Amino acid sequence: MLRYSEDHEWIQLDGDIGTVGISPHAIEQLGDIVFIELPEAGATVSKGDAVAVFESVKAASDIYSPATGEITSVNEAMLDDLTSITPDRATESWLFKVKLSDTSELDEMMDEAAYAAMIS
Amino acid sequence: MENRRTPLYDFHIAHGARMVPFAGWDMPVQYPAGIKAEHLACRSGAALFDVSHMAQIEVNGDGADALLERLTPTDLEAIKDGRVRYSLFLNETGGVLDDLMIARFEGALHLVVNAGRAAHDISHLKAHLIGADTRIKVHDKRALLALQGPGAATVLGDLGLDLDGFVFMDIGRFMLAGVECVVTRSGYTGEDGFEISMAASAAETIATLLAARDDVFICGLGARDTLRMEAGLPLWGHELDETINPVMAGLRFALSKRRREAGDFLGAKQILQDWDFGPKRTLVGLLPTGGRPVRDGTKLIMDGTPVGSVTSGGFAPSLDAPAAIGLVESQLAEPGTALIAATRGRETTVHVACLPFVPHRYVRGS
């Protein structure tokens, strides 16, 4: 199940490993993406930390970690072709995986329906 | 306060535009194709922009030339009927209050000024009126479309316009689909192109006719900004403001010879000093290394000392790379000079480059 933050990140939990990306809505709003800075594997992050940056033609947008823990891997492959990051490929365009210190941290996040209501 | 809408608001919505507030107007920043695709379409074909937010002002009467000569460094005598000049409203210290186009057409002067500066400019013109024989008329019931790109002339030719001998910075009256239009061969993209003024009531007909063609791409303000940045064309509030004079901004061409020799325009003393001895600061192109754009307002640093700032920064689709314009101390304006752009705790090395990034392709007279 995907859970969403108010900043348009999603996280999918598998055991205590969360895969993090940004929503189709966020990808659409960013427009043409021209540069991405990803976090480094091994880094320790806290919920709400700015951990990645998406640069579009017009603006830079911070991406915040929806969870506290250690970054275990990052999706370097997505950097090979930034034009492949499209709203219909939001799950393939995951950014990083994080080993959560406390999975209950996600309890307050939105489910699909609540997120859809927020952006409508 | 509600933002103003151009006559093409419904057209933009119908074409899927993302609307944003800009200078008190609701304007399309992009359509579904996106800024890069729109930008590249303008460089390769023909692109349609709604620029109706810009103010169209007519100045007529015996004192019209004197009024404009008082407020700009332009030689009004040198603007023949049917011609357009780029000009600047200057302040007492030579700073730029706004940049504008001045056309002489059918006996009157026709100005086009920036949307965000229109109210200021109209007050400025009225404040300097002398006598009763000069009239200022704001044409707020007119729309303005820009058709830009190497394919623009072909599109208008197909629609019956005879453009033979109509060259860069000409103005004329043409019938387009039964609508009377005042057209200039000018623009803000560095490409050949046209700006087409018509009654607001006819704008949707003309825009729909143009947009329906396979060889015309509709573009928003996002692409307009990346196109003008690549072309090295200044934007007021970024490359131009009250503290930046035309010599610093690389606009020596806008200072007419007769006016320089007379030294009789506002701010002439400071501007002519900079003309002779060089300005302290100069606008330059900047090419960031590493693929990451630098943005407006970013400080530029050399050896730990602030030496300037980025005035416009983003991504240049025609270069497929980030690019920017910045104001730097003049001794650092040499192409190739490496500077540090420091933003949000990150440092990017940028190299000074010549402007424009993309050569202008205007169709000039012989």
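Computed from the coordinates by the stated procedures, all read-outs in this text should not be read as laboratory data. This one's a predicted model, so the numbers in the text were calculated from it and none came from an experiment. FYI the Cβ positions are ideal-geometry reconstructions off the backbone, even for glycines, and counts take in every protein chain you see.
Across region A:2-102, the mean sequence separation of Cα contacts (distance under 8 Å, 6 or more residues apart), normalised by length, yields a relative contact order of 33 percent. Between the alpha-carbon centres of region B:296-365 and region B:72-126 there is a gap of 28 Å. Under a Gaussian network description of chain A, with springs only between Cα atoms under 10 Å, the residue in A:K47, A:K99, A:K58 that fluctuates furthest is A:K58.
At a threshold of 8 angstrom on Cα-Cα distance, excluding pairs fewer than six apart, so keeping six or more, what relative contact order does chain B reach in percent? Mind dumping the intermediate values first?
On the way: 833 pairs, mean separation 68.0, N = 366.
Relative contact order for chain B comes out at 19 percent.
Expressed to the nearest 5 percent, the antiparallel share of DSSP beta bridges inside chain B is 95 percent.
Counting Lys and Arg as +1 and Asp and Glu as -1, each charge on the Cβ, what is the dipole of region B:1-157 about the Cα centre in debye, to the nearest 20?
On the way: 16 positive and 19 negative charges, 92 e Å.
The dipole of region B:1-157 has a size of about 440 debye.
A crude spin-label estimate for the pair A:S101 and B:I130, with each label 7 Å from Cα along the Cβ direction, gives 7.4 nm. Among B:A203, B:M175, B:N245, whose Cα sits farthest toward the positive end of the charge dipole of chain B (+1 at Cβ of Lys/Arg, -1 at Cβ of Asp/Glu, about the Cα centre)? The residue sitting farthest along the positive end of the dipole is B:N245. Summing Lys and Arg as +1 and Asp and Glu as -1 over all other residues whose Cβ lies under 13 Å from the Cβ of B:M27 gives a net charge of +1.
Computed about the Cα centre, the dipole magnitude for chain B is approximately 500 debye when only Lys and Arg (+1) and Asp and Glu (-1) carry charge, each at its Cβ. The modelled label-to-label distance between B:T305 and B:V167, using points 7 Å beyond Cα along the C-beta direction, is 4.7 nm.
Can you give the log10 of the normalised intensity I(q)/I(0) at q = 0.14, 0.17, 0.24 Å⁻¹, computed with Debye over equal Cα scatterers of region A:12-120? Values, matching the q order: -0.55, -0.83, -1.48.
Rounded, prolate or oblate: which fits region B:280-358, taking a ≥ b ≥ c as square roots of the Cα gyration tensor eigenvalues, rounded meaning a/c under 1.5, else prolate when a/b beats b/c? Spell out each step's value before the answer.
Working: a/c = 1.71, a/b = 1.16, b/c = 1.47.
Oblate is the answer for region B:280-358, as a/c is 1.5 or above yet b/c matches or exceeds a/b.
Using a simple spin-label model with pseudo-atoms 7 Å out from Cα toward Cβ, B:R364 and B:K137 lie 3.4 nm apart. Ordering B:V167, B:V352, A:V34 from the fewest to the most neighbouring beta carbons within 10 Å gives B:V167, B:V352, A:V34.
Place a point 7 Å from the Cα of A:E6 along the Cα-to-Cβ direction; which residues of region A:82-113 have their backbone N under 18 Å from it? Residues A:105-113 qualify, since their backbone N sits under 18 Å from the label point.
Over 29 Å between Cα atoms, which of B:K36/B:K257; A:K58/B:K137; B:K137/B:K280; B:K80/B:K141; A:K58/B:K257; B:K80/B:K137 qualify? List each step's numbers first, then the result.
Working: B:K36/B:K257 40 Å; A:K58/B:K137 36 Å; B:K137/B:K280 39 Å; B:K80/B:K141 26 Å; A:K58/B:K257 39 Å; B:K80/B:K137 21 Å.
Among B:K36/B:K257; A:K58/B:K137; B:K137/B:K280; B:K80/B:K141; A:K58/B:K257; B:K80/B:K137, the Cα-Cα distance tops 29 Å for B:K36/B:K257; A:K58/B:K137; B:K137/B:K280; A:K58/B:K257.
Treating each Cα of region B:292-335 as one equal point scatterer and applying the Debye formula with no solvent, the log10 of I(q)/I(0) at q = 0.24, 0.31 Å⁻¹ comes out as -0.85, -1.06.
Highest mobility in the GNM of chain A, judged by mean-square fluctuation with C-alpha springs under 10 Å and restricted to A:D80, A:D102, A:D88, is found for A:D80. Largest GNM mean-square fluctuation across B:G297, B:G313, B:G149, computed for chain B with C-alpha springs under 10 Å, falls on B:G297.
Using alpha carbon coordinates only, what is the Rg to Rh ratio of region B:85-168, with Rh defined as the Kirkwood radius?
Ratio value, two decimals: 1.04.
The ranking of B:L97, A:L106, B:L111 from fewest to most other beta carbons within 10 Å of each one's beta carbon is A:L106, B:L97, B:L111.
How big is the Rg/Rh ratio for chain B, C-alpha atoms only, Rh by Kirkwood, two decimals?
On the way: Rg = 20.4 Å, Rh = 21.2 Å.
Here Rg/Rh amounts to 0.96.
About its Cα centre, the dipole of region B:280-358 is roughly 240 debye, where the only charges are +1 on Lys and Arg Cβ and -1 on Asp and Glu Cβ.
Computed per residue of chain B from DSSP H runs no shorter than four, each worth -39500 (n - 2.57), the mean residue ellipticity at 222 nm is -5500 deg cm²/dmol. In the protein assembly as shown, the alpha-carbon atoms span a convex hull of 162 Å³ per residue.
How much of the DSSP bridge set in region B:211-366 is antiparallel, in percent, rounded to the nearest 5?
Values: 31 of 32 bridges.
Antiparallel: roughly 95 percent of the beta bridges in region B:211-366.
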